[in-house]
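The values are calculated or read from the model by the stated rules, or taken from the named source; none is laboratory data. What you are looking at is a predicted structure, and each value in this text was computed from that prediction instead of being measured. Here Cβ is always computed from backbone atoms with ideal geometry, including for glycine, and neighbour counts include all displayed protein chains.
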């Protein structure tokens, strides 16, 4: 599963619609003329067929990189955006307008990695839409933008048309705070609050439904090789992190009880370790766990605000705290958590680290009205690149 959105769900204490979550990966110089956009409309069920897209003319290289074209995502400000980079494309979600009442209407777009131009867009009805996960040749999201409750949608990664759907929960709201889709054991795993569902990628039909007793929040995560599946559950903020069999969902090990405000966020799983983030109210922390017995390594705990997060990407750990400055914005060795280099996000208002590319890391910063956010890039420190 090609996916590299390392630091999702970074939140500050501002109101929900001024939360800073966006990520974007745009590499390459020059600009292309704005291509045709495939537009579909959706309320969570299959949209009508889009018009064919026109190929974009090739960009003309110049001695210095030209500024992004007007249609580039680098030239726009977004309401509460979020993003993943997968299968050679950028997939971006954002609110279409400031909602007077929640839930908002949301959009999902596919953009060119080379130019940032939007190539396809699907607009959803009022409700949450998760950031996509690319797995088994398709794009996967959860949404509660229909009266049917929470749905798992399989999308064509090129057109963003819905190619399959499954009801996950009868009611409830798609949370922006955690990962709710993982790919492990050749299956899609999706949590629906108090249950865990194993789904066939081919048929989009359930293979198993596993109760998560008493859980009112949950999250899932998996290792890149699909051999480790983790599930976090909580009731009123009290919960555990569980390792489960990636083929059957059977419980293998569970952590001690954790006290927070929701199920812990699973930042990444690799090489027998996992990094989790737990908001506790006014503060939060990230910490490494050994997945064999789901035991924490106390010496690795890094404290910060509720928004502190840790993510694994391209063999490194990336730690970010929105209000932490140099103390909680750095790349690190993933097994020990040892800091390698500080990440500098220059001349921007309220910067929030979002993702990491081949040569640059990407962050959002506040636009003029505090409700919209723009995206910028900065070079990855050499100490980070040499360990990748």
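Okay, residues lined up against (1) under 21 Å from the mean Cα position of the chain (by Cα); (2) surrounded by fewer than 22 Cβ atoms within 10 Å (Cβ to Cβ); (3) at negative phi:
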site: 267; (1), (2), (3): yes, no, yes
site: 295; (1), (2), (3): no, yes, yes
site: 307; (1), (2), (3): yes, no, yes
site: 350; (1), (2), (3): yes, yes, no
site: 374; (1), (2), (3): yes, yes, yes
Out of 141, 131, sole residue that is assigned to a loop (DSSP other than H, G, I, E, B) and modelled with pLDDT of 75 or more
131
Looking at region 214-242 only, could you name the residues that are over 21 Å from the mean Cα position of the chain (by Cα) and either in contact (Cβ under 8 Å) with a residue 24 or more places away in the chain or part of a strand (DSSP E or B) (or both)?
215, 235, 237, 238, 239, 240
Those residues that are closer than 30 Å to residue 104 by Cα, at pLDDT below 80 and either more than 17 Å from the chain's Cα centre (by Cα) or in a loop (DSSP other than H, G, I, E, B) (or both), I need them from region 353-372; list them, please.
357, 368, 369, 370, 371
In region 272-301, how many residues are out of contact with any strand residue (DSSP E or B) (no Cβ under 8 Å at 6 or more places or on another chain) and over 23 Å from residue 235 (Cβ atoms)?
1
Specify the residue that is surrounded by the most Cβ atoms within 10 Å (Cβ to Cβ); the eligible residues are those in region 322-334 that are in a loop (DSSP other than H, G, I, E, B) and modelled with pLDDT under 85.
322
Assess whether residue 160 counts as being closer than 30 Å to residue 77 by Cα and modelled with pLDDT of 95 or more.
yes
Being within 24 Å of residue 317 (Cα to Cα) and surrounded by fewer than 17 Cβ atoms within 10 Å (Cβ to Cβ): is that true of residue 245 here?
no
Here are 111, 182: which of them is in contact with a helix residue (DSSP H, G or I) (Cβ under 9 Å, 6 or more places away or on another chain) and either modelled with pLDDT under 85 or crowded, with 24+ Cβ neighbours inside 10 Å (or both)?
111
Select the strands (runs of 3 or more DSSP E) contained entirely in region 272-317, then report the ones holding at least 1 residues which are in contact (Cβ under 8 Å) with a residue 24 or more places away in the chain and farther than 17 Å from residue 339 by Cβ.
273-279, 283-290, 295-305
Among all residue pairs at least 6 apart or on different chains, which show Cβ distances below 7 Å where the first residue, located in region 178-194, is free of Cβ contacts under 8 Å to residues at least 40 places away in the same chain and the second is part of a strand (DSSP E or B) and surrounded by fewer than 21 Cβ atoms within 10 Å (Cβ to Cβ)?
194/211
Which of the residues that make up region 243-262 are in a strand (DSSP E or B) and at pLDDT 95 or above?
243, 244, 251, 252, 253, 254
Just one of (1) over 17 Å from the mean Cα position of the chain (by Cα); (2) without any contact (Cβ under 8 Å) to a residue 60 or more places away in the chain trips up residue 384, so point out which.
(2)
